[in-house]
Structures are given as C-alpha cells and as structure tokens.
1. If you take the Cα Rg of segment 174-261 and divide it by 2.2 N^0.38 Å, with N the number of residues, what do you get?
2. For segment 33-163, which whole percent of the accessible surface, found with a 1.4 angstrom probe, sits on carbon and sulfur atoms?
3. Got the relative contact order for the chain handy, in percent, Cα pairs under 8 Å and 6 or more residues apart?
4. Along Cα→Cβ, 7 Å out, is where each label goes; now give me the distance between the ones at Phe238 and Asp43 in nm to one decimal.
5. Through the Karplus equation 6.51 cos²θ - 1.76 cosθ + 1.60, θ set to phi - 60°, convert the phi angles of segment 187-200 into ³J(HN,Hα) values in whole Hz; use x for Gly and Pro.
6. When the Karplus curve 6.51 cos²θ - 1.76 cosθ + 1.60 is applied with θ = phi - 60°, which whole-Hz ³J(HN,Hα) does each residue of segment 91-99 get, with x for Gly and Pro?
7. Report Rg(Cα)/(2.2 N^0.38 Å) for segment 1-129, keeping two decimals.
8. Using the Cα centre of segment 193-252 as the reference point, and only Cβ charges (+1 on K/R, -1 on D/E), how large is the resulting charge dipole? Debye, rounded to the nearest 20.
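The values are calculated or read from the model by the stated rules, or taken from the named source; none is laboratory data. Since this is a predicted model, take the numbers as computed values, not measurements. Here the Cβ is made from the backbone with ideal geometry for all residues, glycine too, and neighbour counts use every protein chain on show. The protein model used for the area step is the full one, side chains on, heavy atoms only, and it has no ligands, DNA or RNA in it. Shrake-Rupley method; radii C 1.70, N 1.55, O 1.52, S 1.80 Å.
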Amino acid sequence: MITSYDYPTASIADGVGVDSILVGDSYGMVVLGYDTTIPVTVDELLPVCRAVRRGSTHALLIGDMPFMSFQVSVEEAVRNAGRFVKEGGMETVKVEGGREMVPVIAGITRAGIPVLGHIGVTPQTATLQGGYRVQGRTAKDADRLLEDALALEKAGAFGIVLEMMAEEAAKMVSESLRIPTIGIGSGRYCDGQVLVLHDVLGLYERFTPKFAKKYAELAGPIREAIRMYSDDVRTGSFPAEQHVFRMDDEERARLGSKRKP
C-alpha cells in the first residue's frame with residue numbers, strides 16, 4: 001500500500017502493481033503544508049480521490065476519513081463514508097481509533113462500505129496518547145492494542161493499519177487476527193506495509209519518520225531543474241530556436257502589409 005494524491009502518481013503506482021492506494025489525510029501535510037492532519041476536510045479530499053480514481057484501474061482504493069468526519073455520530077460517519085465512495089470513487093474508507101470506533105465501523109459496514117481500521121499511533125488524536133510515541137512497549141499496552149484489534153475485526157473491519165507499534169506487539173496482533181494488518185512503523189511481521197509517497201520519494205523535507213525508507217531523493221533534482229529553468233529565462237537562453245513555432249514564409253511576407261502609413 002502507498003499513498004497518492006494525484007492522477008500521475010496514482011497511475012504510476014497502479015502500473016507497477018501496488019495492491020492498494022490510500023488517499024491519506026497526510027495530504028494536508030505533504031501537499032497543503034499544514035502542520036498536522038487535523039485541518040483536512042472531506043471536501044478537500046474528494047477532488048484528490050477523484051484524481052486518484054482516474055489514475056488507477058487495478059489497486060484497491062481507500063479514502064482516509066479525516067478528523068471530525070466520523071466522530072460526531074454514526075449517521076454522519078456513514079454519510080461521509082458514502083461521499084468517499086459516491087463522490088470520490090473510493091472503494092473503501094479508513095477510520096482511526098480502537099474499540100471506541102466499533103459502532104462507527106459497524107454502521108459503515110452495514111451500509112455496504114468496507115472499512116479499514118487504524119490503531120497504534122492515531123495521528124488525528126495523538127495528543128491523547130502523549131504525542132507521537134511508540135505504542136505497545138509494555139505487555140499491558142500490547143494487550144490493550146490486541147483487544148482493540150479484535151473489537152475492530154468483530155465490528156466488520158476488513159483489515160487494520162498498525163502504526164508505530166513495538167514489533168513484538170504488532171506481531172502478536174497480526175497473528176491473532178483473521179484479517180490482514182498493514183504496518184507503518186510497526187516492524188516486519190505485519191501482513192503488508194504502507195508508506196507516505198512523499199517519504200518514499202524524498203519530497204517532504206520538513207522531517208522524515210524513523211520508520212520511513214527513502215527510495216529516492218527527488219527534492220534535490222527538482223530544485224536544481226527549477227533553478228536551471230529560472231536561470232535560462234533570465235539569461236534569454238530559453239525559449240531557444242527548437243522551442244518556437246514559425247509562420248510559413250508566405251505568411252511572414254504579409255506581416256505588416258495592412259499597417260497604416
């Protein structure tokens with residue numbers, strides 16, 4: 001699984017055969033420049049979802065339900081999940097939270113929309129966990145996470161994202177469930193992995209999480225390309241002969257023929 005926020009990257013990811021694409025609320029940070037994911041709205045994500053939908057034909061498409069789009073009531077959660085499917089072209093939605101989200105997941109699932117759960121570090125409510133701290137470092141905490149995971153599975157979740165969990169805890173959770181787990185910073189024993197596209201490509205320079213692996217460093221080449229373009233425009237070397245369109249000789253000869261003397 002990888003995130004995508006536009007048509008070109010969705011098309012590339014789909015073309016190389018990723019299993020699923022998440023239109024994450026991380027869009028707010030890596031594309032819109034917010035400090036957190038909290039400000040992101042459903043209305044901001046829906047056009048992004050549609051762009052990703054146009055770029056993908058094979059991967060499972062998952063819309064990330066942003067903060068306060070599902071916490072107020074089950075009815076509102078179902079309505080917003082339906083918007084991701086009906087207006088955004090998504091096939092499933094992701095919901096953050098543990099056992100407290102059981103009624104929400106059950107309600108959305110009853111409406112016919114598959115739900116991917118998300119436990120461990122949940123960025124939308126990280127302040128309640130003392131910030132972005134690794135979860136499941138103690139046996140008691142790991143047991144709590146397992147209880148959350150089992151509750152989400154029973155509520156109808158088709159899978160669960162495990163974020164920033166101690167590897168041992170993530171392994172126990174993964175082995176205890178019948179549904180797949182998708183890890184992000186939770187070690188080697190999850191059934192799948194997800195990373196933010198901009199971390200993979202080295203495009204988000206504000207910070208890189210410890211768990212992320214950069215497979216490219218594209219910020220540097222992009223910066224250099226824009227600098228070179230800017231220099232070429234200022235020195236007059238762009239556009240050059242090969243970049244312009246010309247009139248036929250006959251039409252060029254007529255230029256100015258109707259000017260007043």
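1. In units of the globular-protein estimate, segment 174-261 measures up at 2.24.
2. Here carbon and sulfur together make up 57 percent of the probe-accessible area.
3. Relative contact order, the chain: 13 percent.
4. 3.7
5. Rounded to whole hertz, the list is x, 9, 10, 6, 6, x, 9, 9, 9, 6, 3, 5, 6, 4.
6. Each residue's phi maps through the Karplus curve to give 9, 8, 10, 10, 10, 7, x, x, 4 Hz.
7. 0.99
8. Numbers: 9 positive and 11 negative charges, 153 e Å.
Magnitude of the dipole: close to 740 debye.
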